[in-house]
Each structure stands twice: as structure tokens, then as C-alpha cells.
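See structure below.
The values are calculated or read from the model by the stated rules, or taken from the named source; none is laboratory data. Everything quoted here is computed from the prediction, not taken from an experiment. When we count neighbours, we look across all protein chains shown, and the Cβ atoms used for this are built from the backbone with ideal geometry, even at glycine.
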Amino acid sequence: MKHGLSLAGLIWLALHPLPAKADPNSVATCYLPMTIPEVLRQADPQDGRIQIFSEQVQLIENQQADFSGSVQILQRDTLLQAPRARYRAAQQQLVAEGGIEYYNSDLYVSGRVFAADLANNSARLGDARYQFISQAGRGEARALTASAEQLSLEQALFTTCPQQDNSWGLFAEEISIQSDSGWGEARHAVFKIKDIPVFYLPYLTFPVDDQRKSGVLLPKVGSSQRVGLDLELPYYFNLAENYDLTLSPRYMSKRGTQLKSEFRYLTPQHQGQLQLEYLHRDNDKAADFGQRYLGHLSHRSDFTSRWRGYIDFTDVSDDTYLTELGSDYNNQSDTQLYREASLSYFGERVHSHLKVQGFEILGNYNTAYQALPQLSLSSARPLHLTENIQALWRGQYAHFRNADAFFTAADRIHVEPTIRLPLITPAFELTAETSLLYTYYQQQSEQQLNAEQQEISRTIPKVRLHARVNFEREYDWFGEPALQTFEPQVQYLYIPYRDQSLIGLYDTTRLQDDYYGLFRQNRFSGLDRINEANQLTLGWTTRFYDNIDNELFRFSLGQIFFLKEPELTNDPLTQDLVSTESMLASEMIWHWYRRWYVSSALQYDIDSKKLIKSNASLDYRGSENTLFQLNHRYSRAVSGVEIQQLGLFGAVPLQQNWQLIASYYRDVTNHRMIDANFGIQYESCCWAVRLVAKRQLRANLEANISNLNQLSRLDTGFSLQFVLKGFGDKAGFGVSDMLSNGIFNYRRPYLLTN
């Protein structure tokens, strides 16, 4: 029979491990959480009493207590188990011998002998082995000493590998952890792989909680024809709790040594990051080429719940910086750098947005206008003139500049009031609205302008009627109960013709003419062009849902019918618009069979009987590690060039822990490869390695757009990534991340709830 004993005034000292947090990236099959004893699961963490249970207890003159037989010493969420234990009151010493087992909510420790000096608040475990309760991580030490101030281990080992797996380990002559600082120190540390020493560090510091610490991060190794051997060694500076800095010297055997930096900051109202990259001299360029650099600033401010600020700015030294050196902050195929600074206000009645905006165009392309500044105002919510009639408005002022354009500067004022009558029920929607679009321009040029070119105004009325009906019925979907919807919609749009040939193109371009674009009120972004319209748009969508509302199938088809032939103009944005009986557009997404998906979209010119654009894909998602996608993309004219591409992505487990990943994109029109990646990856419970070979079409931004078909130079390279789980960052080691490293990223099947 067990006896319970509470010793008044006894101070229990437990080990002081810091909280162990579960790693969300750990492989589920690698580590099973330990089971803690039932007595500890039922213990009250707030109970400060020390309870000692044993089969036998012997008290000697109230100075010594000997416990034997399944001894359990319990306080709060800590438990010590041993065959026997002795407490000496005079020395305030507790000693346990035999097979010692110690538990708390985070840590399990076993040892040969346990001795606690209660007067000095210290404890010592001999021949200790430890294991985290809820995450991977274990080790051993010849001696483990704990006090209120620190935890010390002598001749210690740490690894995240499971039992009987010694793939890697960190051995140290001495490890000490300060409980108040959250940092540990290791002396004479040796890192081993399969018991083979790899490197030696006489002194090492490491975090044991969420605090950050300055130090060397894992290096990055790669190679390519553009830069040669590519070696990057980041060093992290923990400057303060809310800002830090990472400096990364980067050695490129063909280019030289580059310095990269990333500064991050975070306050309750502001957050952002500043990246700078600098190469003093490029060994692959002429001596007088000059210095090469990149600067990027991203900032957001939430001043109040209504006021917000935003900055996004990128600058490079030359047009070929990204294609030749690459960057973590921009894609190497980017042809422009976006720049914007904005201040927004979200009021109860008015929304406002003030911004300055510009683009740095890379390569042999026309420069773009800068908005310096642009102020947009709009009603925050509709104003109810009657119970059903609503009024809305928006307005904008913008000043544009472009020293290389015909119109070097322009001021634009736009006002657009709208009256709307919405009638909305669950089965039927009808919206009738009319707007008046007034725009005033004042334009400047280095050349002589006549009065009509200097000042021009445009007033255009607009009428829109839009109706949609929602039908649904129960349906048999290949033997399974399903719900089918049928959603026809019709839109009438009237916008009279106005001559806009004297107005410059400041922020306006053509929008995509997909199915949903058929129901837009304007086929252009910006305000410099408002398309003429006297047209009727018809379209319908049907969907199928299973009995738990998962969307199984969707098909949409629509067409615009012109009631009046649009005026012929010489405007570059409108002269090739599809006219009369116009364009047929459709989209389809089908959850075909189990994990198979089919999607497609096309735009077809009925008059010329020619395909304008199309894309299609076949996807299989067996699991997170099994992916397949075959896709095709066609466009009749992208900047005057026909595009037809075929892509293939795949990820297949070869056997346990091994993964094969590949992607391939081909230019069908010109019979050439554009982008290819091939990688093999090994991932175990405690470490992972990936080797990737890639071959990509090298962008040439200096080439004329008409000569794109002659571009054929390819760049070949490889990268090697090695991760020790629990001793480095596993971010970016997923299959989807691997397939996103090429020019063309893998895109998951979307728009279906699956």
C-alpha cells in the first residue's frame, strides 16, 4: 500500500527547461508525442504542495525520511519517479537512486542518480538522457545540473533525430542555458554526421525560446552560367526587439563579391523592410561599366483605423541587373519596376486615396507616365434618395509627366455621378443605373500644340441595365445526388461615341476579354479611353454541387451583340477590337474524377473564325507530395507576337523519404524549351537535402519585340539546399515551393471547393 506524505516548508526544485513548441513542419510519421504518467495528467498545475508517494517510508528522528518502492514525488506539473529516495532535513538534501525518471509538461529526463540541494536551489542528474514531450528533440549528458538561474550539461549531445537514428548530432563539452536571458552557450562544440566530425566551434550561442540572436545563418550554394559558382553566407544582427538586419556577402566566381542587406522593422503602427544589394565591380563587364546595385523599400503604416499609408519602391543600377545577377525581391524576367507612395482615408461618407506612382521600364520599351500626384475620391456608401434609388459618385485629379512622350505633362480632372436602382432577391437581381462621365484635360508638349490639344473636355452619358436569374434543381451526377444551378444574365450597355484621339494615353490599357470581362462597363483600365457601346451581352453559368456543397463542375458561356456598329478609329487601343457579333467567351472547371481536375477558358472571334486566346490544364493532386499538371496556353497577339506554350509540372515520391520533382515549359510556336527544372530530394525526420538542376531561356531586354523569336540563349545552373530540422529553417522545402522556382510557377487548381 502506498503512503502519501506532504512535507511542510519543503522547497521542490525541478529542472528548468524552456517551453518546447511543436514544429508545424515536422513529418507526422517521424515523431510520436510521449505519453506522460496518469498521475501527472491529473495533477493541478496550481497546487504548490509537494506530495511523495511510495510503497514504504521510514522516518528517522524527524531528520531523515527514506522512501522505497515505486517512489513518486509530485508538485504542480512536475513528477520524479525512482525506486528509492532519501530526504535529509539538516542538509536540506533530496537524493534518489536507481532508474530515475523526471517529467514535466515539456521534458522527459532519465538518469542514474538525482541529487537536489534545496538550500541552494540546485539539482544534479547523472548519466542523463532527455527527450522533449511534444516535439522532436533528444540528447544525453554525463551530468545535468539545474538551478534557478541556469541549466548546465556536461559532455552533452543534442539531435532532432528519433531514437536509434544518429544521422546528425551536436556534441559539446559543456552547454549552459541562462533561464533569464533565453540564450544558451556551448563550448568546444563538434557537429557530426553519422559520427563523422564535420566542423568544430570553440564557442557557440543559440536561442532556446522565441528570442532572436545575432549569428551566422545557413549558407546558400549554387551555380549557373551567368554567375558561375554562387556562394552566399548570411549573418544576422538582432539589433532590437522590433528591428533587425541581415548582411549576406555573396561570392560569384564570374562576377565578383556582392554585399546584400535586409533591414526589417515593426512597430504597433508601422512595418516594413529595406533591401540593398551592391556590387562594386562586375568582373564580367567592361572596366568602365560602373557599380551595380538594387534598392527596394516596402512600408505600411496604419495610423488609425481610418488612415493608412503605403510605400513600394524598387530601383536598379541598369536594365540587365535582374536578368544577370538575380534578386530575392524581383523576378529575373520582370520588365518593369513598380513605384508607389500612397495615403488613404476610409471615412463614413467619403473614401480618399492620394498617391504618387511610376514605373521604371527595363529594356528596349517606351517609358511610362508618372502620376505626380493622383487624388481619388468616392462615396463610402450609397446615398438613398428614396427607398430604392441610390446615388453614388467618384472623382479624380491626376498630374502626369513623361519627358520622352509627345505630351510631356498633363492634368486630368474626372467627375462621375451615378444614379442606381437595385432590385435584389435570392432568385432574381436587376440593376438599372445611369452615369455622367465628365473629364477635363490640360496637356503640354515640347512641340507646338493647338488650342484643342492643349485643353480638351469630354462628357459622356452611360446607361446600364443588368439582370440575373438563379435557378436550381436536384440532379443525378453520375449516380450521386447533386444540386444544379442555372444562372443566365443579360446586360444592356449604352455609351455614345466621342472622339478621343486628341487625348494622350496616360494610365490606360486594354483589359482581358474573358467571360467576366464581357460584363464590364469599360474595356480599358484608367480614364483616358471610354469605349463606345450600344450592345447587348448574353451569358449563362451552370454549376453542380455535391451533397456537402463542394463545387463539382462549372461552365460559363457569353457573347456580346453590337446593336450599332462601333465607329472606326486609328486609336492603337481600339483599332483591333473585335466588332459585330463580336467575341464568344467561355470558361470551364471540372472536378473530373476523385483527385483529377480539368479547367479551360477561351475567347473566339466568330467573324474571322479565329481563336483569340485559350488556356487549358489537367491537374492531379494525389497528396501534398504527389502533383501533376499539364497545361497549354495560346494567345494570337501579345505585343504583336503569337504565343503558344505547353507546360508540364510533376512531383512523385520514389520511395520512402525520396522525392522526384520536375517542370518543363516549351515554346510550341518556335520549337524551343523555355524553362526546365529537375530536382531530387531526400527528407527524413531530422534532416533534408535537395539538389536542383535548371535550364532557362535567358531574357534579353535590349532586343526588339519583333525579334523575340530569335532569342535562343539558355542559362544552366544548379542549387544545393541542406537542412537540419530543429537546427535551421525548413521554410521553402515543400514540393509546391520547389515547383515555384522557375519562370512559370505551379498553380493549384482553383475556383472549386476541394
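Report, ordered by the first and then the second residue, all pairs with beta carbons closer than 6 Å, sequence separation of six or more or different chains, a first member in the stretch 146-166 that is in the same structural domain as residue 190 (by TED's automatic domain parsing) and surrounded by fewer than 22 Cβ atoms within 10 Å (Cβ to Cβ), and a second member that is outside any strand (DSSP E or B) and of a type in the set (A, V, I, L, M, F, W, C).
If the second residue must be outside any strand (DSSP E or B) and of a type in the set (A, V, I, L, M, F, W, C), the pairs left are 162/685.
List the number of the failed condition for residue 465; all other conditions in (1) touching a Phe, Trp or Tyr at 6+ places or on another chain (Cβ under 7 Å); (2) aliphatic (A, V, I, L, M); (3) closer than 20 Å to residue 500 by Cβ hold.
Looking at each condition in turn, residue 465 falls short on (3).
Any residue at all in the stretch 461-469 that is of a type outside the set (Lys, Arg), over 22 Å from residue 556 (Cα atoms), loosely packed, with under 13 Cβ neighbours inside 10 Å and modelled with pLDDT of 95 or more?
Within the stretch 461-469 (the criterion being of a type outside the set (Lys, Arg), over 22 Å from residue 556 (Cα atoms), loosely packed, with under 13 Cβ neighbours inside 10 Å and modelled with pLDDT of 95 or more), the answer is yes, since at least one residue qualifies.
Residue under question is residue 88, and the condition is that it be in contact (Cβ under 8 Å) with a residue 24 or more places away in the chain and in contact with a Pro (Cβ under 9 Å, 6 or more places away or on another chain); does it hold?
no
Six or more apart or on different chains, Cβ under 6 Å: which pairs go from a residue in the stretch 383-395 that's charged (D, E, K, R) to one that's in a strand (DSSP E or B) and surrounded by 14 or more Cβ atoms within 10 Å (Cβ to Cβ)? Could you list them?
Hits for this filter: 394/378; 394/416.
So how many residues does the stretch 255-277 have that are closer than 22 Å to residue 238 by Cα, surrounded by 13 or more Cβ atoms within 10 Å (Cβ to Cβ) and of a type in the set (Ser, Thr, Tyr)?
Of the residues in that region, 2 qualify.
Would you please name the residue that is surrounded by the fewest Cβ atoms within 10 Å (Cβ to Cβ), looking only at residues in the stretch 333-382 that are within 26 Å of the chain's Cα centre (by Cα) and among the aromatic types (Phe, Trp, Tyr)?
Within the stretch 333-382, the match that is surrounded by the fewest Cβ atoms within 10 Å (Cβ to Cβ) is 338.
Yes or no, residue by residue, for (1) in contact with an Asp or Glu (Cβ under 9 Å, 6 or more places away or on another chain); (2) aliphatic (A, V, I, L, M); (3) in the same structural domain as residue 589 (by TED's automatic domain parsing):
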residue: 629; (1), (2), (3): yes, no, no
residue: 633; (1), (2), (3): no, no, no
residue: 637; (1), (2), (3): yes, yes, no
residue: 643; (1), (2), (3): yes, yes, no
residue: 647; (1), (2), (3): yes, no, no
residue: 653; (1), (2), (3): no, no, no
residue: 657; (1), (2), (3): yes, no, no
residue: 665; (1), (2), (3): yes, no, no
residue: 672; (1), (2), (3): no, no, no
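Within the stretch 314-332, count every residue that is under 22 Å from the mean Cα position of the chain (by Cα) and not acidic (Asp, Glu).
8
Would you mind finding the one in 211, 178, 155, 164 that is at pLDDT below 85 and touching a strand residue (DSSP E or B) at 6+ places or on another chain (Cβ under 6 Å)?
Just one listed residue meets the conditions, 178.
Restricting attention to the stretch 383-400, report how many residues are at pLDDT below 95 and either assigned to a strand (DSSP E or B) or touching a Leu at 6+ places or on another chain (Cβ under 8 Å) (or both).
Of the residues in the stretch 383-400, 3 are at pLDDT below 95 and either assigned to a strand (DSSP E or B) or touching a Leu at 6+ places or on another chain (Cβ under 8 Å) (or both).
Just to be sure, is residue 445 among the small types (Gly, Ala, Ser) and touching a Leu at 6+ places or on another chain (Cβ under 9 Å)?
Against the criterion (among the small types (Gly, Ala, Ser) and touching a Leu at 6+ places or on another chain (Cβ under 9 Å)), residue 445 does not qualify.
All but one of (1) farther than 25 Å from residue 439 by Cα; (2) buried (at least 19 other Cβ atoms within 10 Å of the Cβ) hold for residue 561, so report the exception by its number.
Among (1) farther than 25 Å from residue 439 by Cα; (2) buried (at least 19 other Cβ atoms within 10 Å of the Cβ), the lone unmet condition for residue 561 is (2).
State whether the residues of the stretch 431-446 include one that is β-branched (Val, Ile, Thr), at pLDDT 95 or above, closer than 24 Å to residue 516 by Cα and not in a loop (DSSP other than H, G, I, E, B).
Within the stretch 431-446, one or more residues are β-branched (Val, Ile, Thr), at pLDDT 95 or above, closer than 24 Å to residue 516 by Cα and not in a loop (DSSP other than H, G, I, E, B).
So, residue 388, is that one loosely packed, with under 12 Cβ neighbours inside 10 Å, out of contact with any Cys (no Cβ under 7 Å at 6 or more places or on another chain) and not acidic (Asp, Glu) or not?
Spelling it out, residue 388 is indeed loosely packed, with under 12 Cβ neighbours inside 10 Å, out of contact with any Cys (no Cβ under 7 Å at 6 or more places or on another chain) and not acidic (Asp, Glu).
Among (1) out of contact with any His (no Cβ under 9 Å at 6 or more places or on another chain); (2) in contact (Cβ under 8 Å) with a residue 12 or more places away in the chain, where does residue 409 come up short?
(1)
Being crowded, with 19+ Cβ neighbours inside 10 Å, farther than 30 Å from residue 627 by Cα and either modelled with pLDDT of 90 or more or of a type outside the set (S, T, N, Q) (or both) is true for just one of 537, 574. Which residue is that?
537
Would you pick out the residues in the stretch 229-246 that are under 11 Å from residue 260 (Cβ atoms) and in contact with a Pro (Cβ under 7 Å, 6 or more places away or on another chain)?
Residues satisfying the conditions are 232, 233, 246.
Taking the residues in the stretch 605-623 that are surrounded by 15 or more Cβ atoms within 10 Å (Cβ to Cβ) and of a type in the set (D, E, K, R) as candidates, determine which candidate is nearest to residue 648 (Cα to Cα).
619
Any residue in the stretch 225-237 that's closer than 30 Å to residue 213 by Cβ and outside the structural domain of residue 720 (by TED's automatic domain parsing): show its pairings with residues that are modelled with pLDDT under 90 and of a type in the set (Val, Ile, Thr) at Cβ separation under 6 Å, as long as the two are six or more apart or on different chains.
Qualifying pairs under 6 Å: 231/221; 235/216.
Residue under question is residue 86, and the condition is that it be farther than 29 Å from residue 157 by Cα and of a type outside the set (Ser, Thr, Tyr); does it hold?
yes
Looking at the stretch 629-652, I want the residues that are loosely packed, with under 15 Cβ neighbours inside 10 Å and have a partner that is of a type in the set (D, E, K, R) and at pLDDT below 85 with Cβ atoms under 7 Å, at least 6 apart or on another chain. Which pairs are those?
Cβ pairs passing all conditions: 642/636.
When you go through 451, 427, 405 one by one, which is the residue that is over 22 Å from residue 384 (Cα atoms), among the hydrophobic types (A, V, I, L, M, F, W, C), at pLDDT below 95 and more than 41 Å from the chain's Cα centre (by Cα)?
After ruling out the rest, the residue left standing is 451.
Given the residues 410, 403, 380, which is the only one that is touching a Gly at 6+ places or on another chain (Cβ under 8 Å) and more than 26 Å from residue 349 (Cα to Cα)?
Answer to the selection: 410.
State which residue pairs qualify: first residue closer than 14 Å to residue 330 by Cα and inside the stretch 271-288, second residue at pLDDT below 95 and assigned to a loop (DSSP other than H, G, I, E, B) in any location, beta carbons under 8 Å apart, and separation of 6 or more residues or different chains.
Cβ pairs passing all conditions: 275/328; 275/329; 277/327.
When residue 52 is evaluated against the numbered criteria (1) within 23 Å of residue 147 (Cα to Cα); (2) among the hydrophobic types (A, V, I, L, M, F, W, C); (3) at pLDDT below 85, which criterion, by number, is the only one it fails?
Against the list (1) within 23 Å of residue 147 (Cα to Cα); (2) among the hydrophobic types (A, V, I, L, M, F, W, C); (3) at pLDDT below 85, residue 52 comes up short only on (3).
Please work out which residue is modelled with the highest pLDDT, limiting yourself to the stretch 494-523 and to residues that are out of contact with any Asp or Glu (no Cβ under 8 Å at 6 or more places or on another chain) and crowded, with 18+ Cβ neighbours inside 10 Å.
Of everything passing the filter in the stretch 494-523, 518 is modelled with the highest pLDDT.
Of the numbered conditions (1) touching a residue at least 40 places away in the same chain (Cβ under 8 Å); (2) not assigned by TED's automatic domain parsing to the domain that holds residue 667, residue 604 satisfies every one except a single condition; which is it?
Only one criterion is unmet by residue 604, namely (1).
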